[in-house]
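Written below as structure tokens is the structure these notes are about.
The values are calculated or read from the model by the stated rules, or taken from the named source; none is laboratory data. As the structure is a prediction and not an experimental result, all values here were calculated from the model. Using ideal geometry, Cβ is built from the backbone for each residue, glycine included, and neighbour counts are taken over all protein chains shown.
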Amino acid sequence: MSKELISITTIFLLLISFLFIPKKEIIEVPIIYQINGPNIDNIISNYRPKFVILDYSKDGTDEKKFTHDDINKLKILDIIPLAYLSIGEAEDYRYYWKDEWDENPPSWIDGENPNWPGNYKVKYWYDDWKNIIFDYLDKIIAQGFMGVYLDLIDSYKFWAKNGYDIEATASEMIKLVIEIAEYARKKNPIFLVVPQNGEDIIKYDYDNKYIHTISGIGVESLFYKKTKKNSDEYINSRLEYILKIKNNGKFVLVTDYVYNPKNPNEDIIKDFINLCNIYGFYGYPANVNQKLKDLSDALKYFKEVKE
């Protein structure tokens, strides 16, 4: 058989494949939030989110941090990648953790979080901690992330309950978020800064600089605490601050842990999606285990629930 005939046959078979083999459906979703073992190729082969919140690393270590090419896979599809960054706790599996801290931590590291082993509250106003955060930011920016997703904003309340004045702890947290934004935007003027939770800190944002600095806000367990609907009083008390932030031109990302893989409740999942649509929020119906490891199968319901 001639090379020309082989070539024509190959092209014909490829054409038949293109026309008649069913293509995998890609589901458009608002957010994917996966910080434990994220797999970028798996995400983009199944979904087209507006935002993706990832750890900077495949396993949390510096050795397996994502490359610039990895992050670019998201950006070329118009997906906005945000890097998770805890600024209220130190994590003992991160590159910055020193072995001697296990027995003799510096004065700005407090006790271990009983709910999250390996995480330690920090006095985030210390320069030593801020320098770690800025170094971490350098890595994130070099990877090509378009912004950061800042966790433990509400640490200001922890320190207020442990002997510090809440005006001071709130002021120091606001100052840190603004410093993070200013540092990052010297390198990338359009870098996004998105705090998670602690929306009521704006009570202490007397000059509105915090609200004007942040790009959006992420919140957890707003409408549901796992599969139990929150009270109207609770929801409205949070919406008072969240909507003020939104009305200042900021986006809102909501993660409620409503999907139980063993016993999924469609009504709850669809109600969550509808509530996000009503308020103009970007929602992620996450797994009830709150580990943010597996992609939630509840994402399939976005095909059924339209804005």
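Filtering the stretch 99-134 down to residues that are assigned to a strand (DSSP E or B) and acidic (Asp, Glu), which residue is nearest to the chain's Cα centre (by Cα)?
Glu112
Take Asp165 and decide whether it is surrounded by 19 or more Cβ atoms within 10 Å (Cβ to Cβ) and acidic (Asp, Glu).
no
Need pairs with beta-carbon distance below 8 Å; first residue within 12 Å of Tyr204 (Cα to Cα) and in contact (Cβ under 8 Å) with a residue 60 or more places away in the chain and within the stretch 155-170, second surrounded by fewer than 23 Cβ atoms within 10 Å (Cβ to Cβ) and hydroxyl-bearing (Ser, Thr, Tyr); sequence gap 6+ or separate chains.
none
On the given criteria, is Gly216 touching a Cys at 6+ places or on another chain (Cβ under 6 Å), surrounded by 19 or more Cβ atoms within 10 Å (Cβ to Cβ) and modelled with pLDDT of 95 or more?
The answer is no for Gly216.
Could you grab me the full set of residues in the stretch 41-80 that are hydrophobic (A, V, I, L, M, F, W, C), over 18 Å from Ile141 (Cβ atoms) and within 16 Å of the chain's Cα centre (by Cα)?
Ile43
Within the stretch 196-213, identify whether any single residue is of a type in the set (Phe, Trp, Tyr), within 18 Å of Leu150 (Cβ to Cβ), in contact with a helix residue (DSSP H, G or I) (Cβ under 9 Å, 6 or more places away or on another chain) and surrounded by fewer than 17 Cβ atoms within 10 Å (Cβ to Cβ), and answer yes or no.
Within the stretch 196-213, one or more residues are of a type in the set (Phe, Trp, Tyr), within 18 Å of Leu150 (Cβ to Cβ), in contact with a helix residue (DSSP H, G or I) (Cβ under 9 Å, 6 or more places away or on another chain) and surrounded by fewer than 17 Cβ atoms within 10 Å (Cβ to Cβ).
Just a yes or no: is a residue in the stretch 23-46 of a type in the set (Lys, Arg) and surrounded by 12 or more Cβ atoms within 10 Å (Cβ to Cβ)?
Within the stretch 23-46, none of the residues are of a type in the set (Lys, Arg) and surrounded by 12 or more Cβ atoms within 10 Å (Cβ to Cβ).
Out of (1) of a type in the set (Ser, Thr, Tyr); (2) more than 15 Å from the chain's Cα centre (by Cα); (3) under 25 Å from Asn42 (Cα atoms), the odd one out for Tyr279 is which?
Unmet condition: (3).
What are the pairs, 6+ residues apart or on separate chains, where a residue within the stretch 281-307 that is loosely packed, with under 13 Cβ neighbours inside 10 Å has its Cβ under 7 Å from a residue that is part of a strand (DSSP E or B) and not polar (S, T, N, Q)?
Lys303/Ile27
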